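Asker: This structure is in structure tokens; I'll ask about it shortly.
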Amino acid sequence: MSNWPHDTRYTFSAPLSTGEKATHDVYVKGSGPPILLLQEMPGIGPETLSLADRLVAAGFTIYLPHLLGTFGKLTPLRITARLFCVRREFNIFARGRQSPIAGWMRALARDIRDRENAEGIGVIGMCLTGSFALTLMAEEAVLGGVASQPALPMLGGDHLHMSQQDIDAARAGMAASGPGLALRFEGDRIATKRHMQALKRAFGDDLLTEQYSGKDHSLLTLDFHDPAYQRVEAYFAERFAALTTQPPS
């Protein structure tokens, strides 16, 4: 899968939230409404590429940025935390604020919308990138965000990987385009029930939450759960369909 048959690839550079510039490759595949798919941990494994292909087959264009690790395989979990801590883009233990990569992701969301000449894009974040899918809804370019098994900050308890300002801005976006969606397995010890409850308290009615039976973690990839995937596909189908039914301004 390291030679994943994508349609095109380009290099995207933009400032981090700290003002430093970051550059990453972005892989593109498909035809249809655009979805930004964020890798769940260092390395992009075959399960994530299979998810991308599944979404392409469903009629979406997938933008897959390669942020960290090896393209084609995952980095072992035992060294994931160390890798994220030494990278300037990420701080997986940050409480009450996002990692610097959030600024780069916001710029990429706008870039995708402009490249596609679209009214808006969708975002899927998973595990270590899960919460970004929600805060990116502060961007006018983002019309829907799915946080699958959101896990940051690691060891965060009731704390979130976002500030109150981030939450308020995202809620304003959700009020305009529709609620975000967060998913987890009921017995997941990484994306915990406590964390999901904290997200629900923060976002209220602007966040839909779904929990599925099981003790696994990666709903859409390593521990693929078809009902969760179908919920995600339906969420974006509804969100993009709403664009075509809006009355002219």
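Asker: Which of the lysines could be linked to LYS21 by a straight reach, that is with a Cα gap under 28 Å, when you skip same-chain ones fewer than 8 residues away?
Answerer: Correct list for LYS21: LYS29, LYS73.
Asker: Could you please report the charge total around ILE167, scoring K, R as +1 and D, E as -1 over all other residues with beta-carbon less than 13 angstrom from its beta-carbon?
Answerer: That sum, taken over residues with Cβ under 13 Å, equals +1.
Asker: Here's a follow-up. Can you tell me the FRET efficiency between THR11 and SER213 if r is taken as the Cβ-Cβ distance and R0 is 41 Å, rounded to the nearest 0.05?
Answerer: 0.45
Asker: List the trypsin sites (Lys or Arg not before Pro) within the range 140-196 that fall in a DSSP loop (any state other than H, G, I, E or B) and whose Cβ has at most 13 other Cβ atoms within 10 Å.
Answerer: Hits after loop and neighbour filter: ARG189.
Asker: At what distance in nm do the modelled label points of SER163 and SER31 sit from each other, each positioned 7 Å from its Cα along Cα→Cβ?
Answerer: Label-label distance for SER163 and SER31, simple model: 4.4 nm.
Asker: Something else now. Charges only on Cβ, +1 for Lys and Arg, -1 for Asp and Glu: so what's the dipole of the range 8-243 about the Cα centre, in debye to the nearest 20?
Answerer: My answer is approximately 700 debye.
Asker: So if we plug the beta-carbon distance of ARG189 and ASN117 into 1/(1 + (r/R0)^6) with R0 = 41 Å, what FRET efficiency do we get, rounded to 0.05?
Answerer: Using R0 = 41 Å, I get an efficiency of 0.45.
Asker: In the neighborhood of GLU40, defined by Cβ-to-Cβ distances under 12 Å, what is the net charge if each Lys or Arg adds +1 and each Asp or Glu adds -1?
Answerer: Around GLU40, the surrounding residues sum to -2.
Asker: Convex hull volume of the Cα atoms in the chain, per residue, in Å³?
Answerer: 116 Å³
Asker: Also, quick follow-up: Could you tell me the relative contact order of the chain? Use alpha-carbon pairs under 8 Å, at least six residues apart, and round to a whole percent.
Answerer: Averaging sequence separation for qualifying contacts and normalising by length gives 16 percent for the chain.
Here, each number is a calculation from the coordinates, and none is a lab measurement. Computed from a prediction, not measured in an experiment: that's the story for all the values here. Virtual Cβ from ideal backbone geometry, glycine too; neighbours counted across all protein chains shown.
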